[in-house]
Structures are given as structure tokens and as C-alpha cells.
Amino acid sequence: MNRNKDIEMARYLAGEMSVNEEIAFLDKAGSNRKQRSELRNMEKHWKYFDQHPSAESWNTGQAWNRLYHKLESEGLLEEQIGAVVPGRRVLLRIAAIVLLLLAVGIPSLYFGVIRDSITQLTRLADEGVNIVNLPDGSRVYLNKGSKITYQKAFNQDRAIELSGEAFFEVMSDPANPFTVHSGNVKVSVLGTSFNVKQLENSSQVEVYVKTGKVLVALEESDQSVTLEKEEFGVAKKDQLSSSVLEVPNYISWKTLDFKFVDTKLMDVLQKLEESYHVKIQTAALDLSEMRITTSYSEQSIDAILETIGTAFGMKVSHTNDAYILTK
């Protein structure tokens, strides 16, 4: 291992760096998926050790003595540790981490691993649709309850982990393809707009292309399909299929544009609930014979329900939890 880097890494994990030192430390890092996995393994072992110190399994005193004499003989002690970390307790923690690096078999671990973990960003849409502007200029519309994870260093590895549903508007960068991982599916693009939806409690993933072209591939096989504008792909277990999208309101949760042609009113209200993330109660009404042909564009849910109420002779009221339609 690189001695200077290992010492800094140990001091970082031990929590003995100043804020400025941490910033400088993270600025040196790179990004690498394999090393990120190795770091998680190391952190797991360190967390267990830190919470369950055992003299039978760990001897930080011996570890420090070995490290101390090695650093002293190489002229690194005063420069790297002595001038920064004053207490023996701190030195023992650092020595224990260095020992851990060797014990868990990660001799090649370096700065990029730390940065991958620490600068990993997560965005969750817990209340309605959340708009996320990515470092490369791309934009993500997260549907309610959905989550994305990505690296803050987003220059070369433009990779997103998605759970739930999101609409992507991707900036073109041919040298650095944009990828979305969801379930067992990988979606690769250069510059386009598309929707990815991982169905709740299911392995099924749906991809709809609004503009441009995307490549949809199964992570654990050689199956792939290319989707172009207005095409729809479905990945279900180990199968991929594609077709032309025939559902007019598939991304209305993002656009708030709706088109209903001779549609059951109960289906219209369900789509409005999903898109505006509200509850619409109609328990006292019989909607089975009610149908409607209409369209809405970026209108508020209040305005839409008022027009529906007027069309069917209903009253619309609103509580903190729901909209209520009554005769």
C-alpha cells in the first residue's frame, strides 16, 4: 500500500481529520464501482470492531507499536502523524484501522474508494414529484416514493441507480454515456428523454422513450433491445419486449397533460389520484355508468375536479386528507 495514503485514510476513518483536511482528502479521490464495494466491506468490519472491541481478536497496542516503529524508521512519523494527532488514544484508533486494512485483505485500496462512498448522493421524492438537476446538466423528475442514487463526481461515470419511477432529460455527451440501473435492467443513452418505471413489489421494469433513442439491456444476460421515440419496452424476469406505447396518459404524472376519450369516470379519477398524489373519495356515488371525453393541460387538481363536478352535477369539497365528490 502507499504509506502516505494509507495513513490519511486511517485518520479519515478514525474521525481525526479537521474539516479542511477532509475536504482536501476527498478532492483527491476518483470513482470506481469495484472499489466502492471493497470500501463498504472495509467499513463494515471497522464499524463492528469499533463497537465490539475485543482483546482476543484485536490488539491495538501491538498494532500501534509495529506501525510506530515502521513509520519512525522510514522518517514518516513526525510529518504524517505526530504533528497532527496528539493523543495516544487517537494513534491507537488509527493503528487499528491500518491493521484492519490488512486484515480484511484490501491491500490495493486507495483514495477513490473513500470518495465514491462519501460523495454518493441520494434523492428521495417523499412528497409529490421532485426535480433533481444533475451535475452534467441533465434533469430528473422523480415520481412520489421514488429514489435515485448517483456519484457527485459525475463527469465520466454518468450512472444512476433508480428505485421507483423517474423521467429523465439527458444532456448529450457522446464521450460519457448516461446509464440508469433499475432492478435487473440497464438503460444506456447519449442524449434523449425517457421514462423508467420499476413496478412496486415486482421485478418488472418499464421504459418509455419520449425523444431520441435508448438501449435497454438485462444486467445478467446478453439480451438487449433498442427503443426509439414513442416506443415502450418491458423487462420481466429474463425477458425483454418492445412495442408502440398506446397509453396516452403514461407520463401525465410528469407533464400534467391528460387526454381521455370515452373513458370511465372511475378510471379518470384514479389517474388523477396517481398524477397529483391526492385522494379522491366517491363512496356515496355510483360511477359505473359515467364516462367522459375531455383533455386537461397543466391545470390544478382543484380546477379539474370543479369541471368534472359541473359536468356530472356533483359537489366538490376538500379536507386535509382528500377531495370528496357528492351529489
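The values are calculated or read from the model by the stated rules, or taken from the named source; none is laboratory data. Everything numeric here is computed off the predicted structure, so don't read it as measured data. No Cβ is skipped: glycine too gets one built from the backbone with ideal geometry, and neighbour counts run over all protein chains shown.
A few points about this structure:
- Candidate set from the stretch 217-250 (those that are closer than 12 Å to Val207 by Cα and among the charged types (D, E, K, R)); member that is surrounded by the most Cβ atoms within 10 Å (Cβ to Cβ): Glu231
- Candidates in the stretch 166-191 are the residues that are surrounded by 21 or more Cβ atoms within 10 Å (Cβ to Cβ) and free of Cβ contacts under 8 Å to residues at least 24 places away in the same chain; of these, the one that is farthest from Gln151 (Cα to Cα) is Ser182.
- If you go through the stretch 290-304 and keep only what is within 30 Å of the chain's Cα centre (by Cα) and polar (S, T, N, Q), you end up with Ser297, Gln299, Ser300.
- Scanning the stretch 159-203 for residues that are under 20 Å from Glu220 (Cα atoms) and part of a strand (DSSP E or B) yields a total of 18.
- Unmet requirement for Lys264, which otherwise passes all of (1) within 30 Å of Val209 (Cβ to Cβ); (2) free of Cβ contacts under 8 Å to residues at least 24 places away in the same chain; (3) among the charged types (D, E, K, R); (4) not assigned by TED's automatic domain parsing to the domain that holds Asn195: (2)
- Qualifying positions in the stretch 145-162 - surrounded by fewer than 17 Cβ atoms within 10 Å (Cβ to Cβ) and under 17 Å from Gly183 (Cβ atoms): Gly145, Lys147, Thr149, Glu161
- Test: residue in the stretch 272-280 that is assigned to a strand (DSSP E or B), acidic (Asp, Glu), more than 29 Å from Glu220 (Cα to Cα) and assigned by TED's automatic domain parsing to the domain that holds Gly313: no
- Glu228 under 27 Å from Gly128 (Cα atoms), of a type outside the set (A, V, I, L, M) and out of contact with any Ser or Thr (no Cβ under 6 Å at 6 or more places or on another chain): no
- For the condition out of contact with any His (no Cβ under 7 Å at 6 or more places or on another chain) and either surrounded by fewer than 21 Cβ atoms within 10 Å (Cβ to Cβ) or more than 30 Å from Ser300 (Cβ to Cβ) (or both), Asn130 qualifies.
- Members of the stretch 291-326 found to be over 30 Å from Ser146 (Cβ atoms), part of a loop (DSSP other than H, G, I, E, B) and out of contact with any strand residue (DSSP E or B) (no Cβ under 7 Å at 6 or more places or on another chain), listed by number: Gly313
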